[in-house]
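Participant: Here it is: the structure, laid out below.
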Amino acid sequence: MALTRESAVFSLDALPAPTEPMRVRKVPTGIADLDSIVNGGFPSGSTILLLGDIGAGMQEYIYTAASKTALVHERPEARRYYLGDHCDDSELPERVCYVTFSRSKEIILQELATSFNGEYYRAFRDRTVFKDFSAAYFRHSAVPASWTHQEDPFDLPSTNLLEELIAFLDENARDAVVVIDSLTDLAISDLVEPKDLVTTVKGLQRAAKGWDGLVYLLLTRGILERRQEQLLMDSTDGCLVFEWRSSPRSSTRQRYMYLEKFTGVLPHLPRDKIARFPTMVSSYNGLVVVYMERIS
């Protein structure tokens, strides 16, 4: 039967009225200019892969995000000073959980102390829950126990590194900014099968939806084959890329950051804000965006 004008009008009128969009809980990144672009931060429960060139700002991003989370809890009256004016409705996790496999707490704190001012350092040190898996990570390597400041790893019960990580996160990751430093360590270790690592990240993406924070996974670019990088990227909600770029007219290099993917974020960005962000590191402000450069 042919569709008449009257029946077409009736069909349109019969459609249900549009409902109000569901409010998405946002978590600030701590990078004020980035938060202004993504409307207050990333969606709560997001698992975010930080994929970067060595020294291009990935570690400084983490130190900035973690330090500002701690600082705002210590000085809530200075929230706008640290987070900017686009995060008033965003919700800040209660703490930071920092997981390492080959690097110690002392190394992390020393890096932050030499990069940022004392205020950032003290807040990060005092409000971060550290978990160092070095004993299990170096168990069957040539690295002696004295180097990792752990008890003799051969006296410890045999455990699965990924299972230990999962148990720690189940206990500590709720309402937290979680940093896993790094997937690179796990990817190159004989202790972890590549397929098990991808499966664990996929499971982590599911579990994080109930934790009401953010999970950051660090991965050095170029260490793994492109296919493996893509599998890990596909297993997360978002991917922030950090890279060095050289000017064709000079010998200087510039750090850049951009969103490679982000489910639920990129579709809402105006086209002129899908950009590559030149960044710099300041001892008083952490990682900051200098200006926006349109990605063509």
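Participant: I need a count of the residues in the stretch 174-221 that are assigned to a strand (DSSP E or B) and among the polar types (S, T, N, Q).
Facilitator: 1
Participant: Output the number of the condition that residue 34 fails; it satisfies all remaining conditions of (1) among the hydrophobic types (A, V, I, L, M, F, W, C); (2) in a helix (DSSP H, G or I); (3) at pLDDT 95 or above.
Facilitator: (3)
Participant: Looking at the stretch 149-160, is at least one residue surrounded by 14 or more Cβ atoms within 10 Å (Cβ to Cβ) and charged (D, E, K, R)?
Facilitator: For the stretch 149-160, residues surrounded by 14 or more Cβ atoms within 10 Å (Cβ to Cβ) and charged (D, E, K, R): absent.
Participant: Something else: Identify the residue in the stretch 183-195 that is loosely packed, with under 15 Cβ neighbours inside 10 Å and acidic (Asp, Glu) and, among all such residues, is nearest to residue 226 (Cα to Cα).
Facilitator: It comes out as 193.
Participant: Identify all residues within the stretch 224-277 that are outside any strand (DSSP E or B), modelled with pLDDT under 90 and among the charged types (D, E, K, R); write none if there are none.
Facilitator: Residues satisfying the conditions are 249, 271, 272, 273.
Participant: Please verify whether the stretch 55-72 includes one or more residues that are more than 21 Å from residue 117 (Cα to Cα) and in contact (Cβ under 8 Å) with a residue 40 or more places away in the chain.
Facilitator: No, that holds for no residue.
Participant: Something else about it: Which condition number in (1) surrounded by 12 or more Cβ atoms within 10 Å (Cβ to Cβ); (2) without any contact (Cβ under 8 Å) to a residue 40 or more places away in the chain; (3) not hydroxyl-bearing (Ser, Thr, Tyr) is the one that residue 209 fails?
Facilitator: (2)
The values are calculated or read from the model by the stated rules, or taken from the named source; none is laboratory data. Treat the numbers as computed from the prediction; the structure is a model and nothing was measured. Don't worry about glycine lacking a Cβ; one is built from the backbone with ideal geometry, like all the others, and counts go over all protein chains shown.
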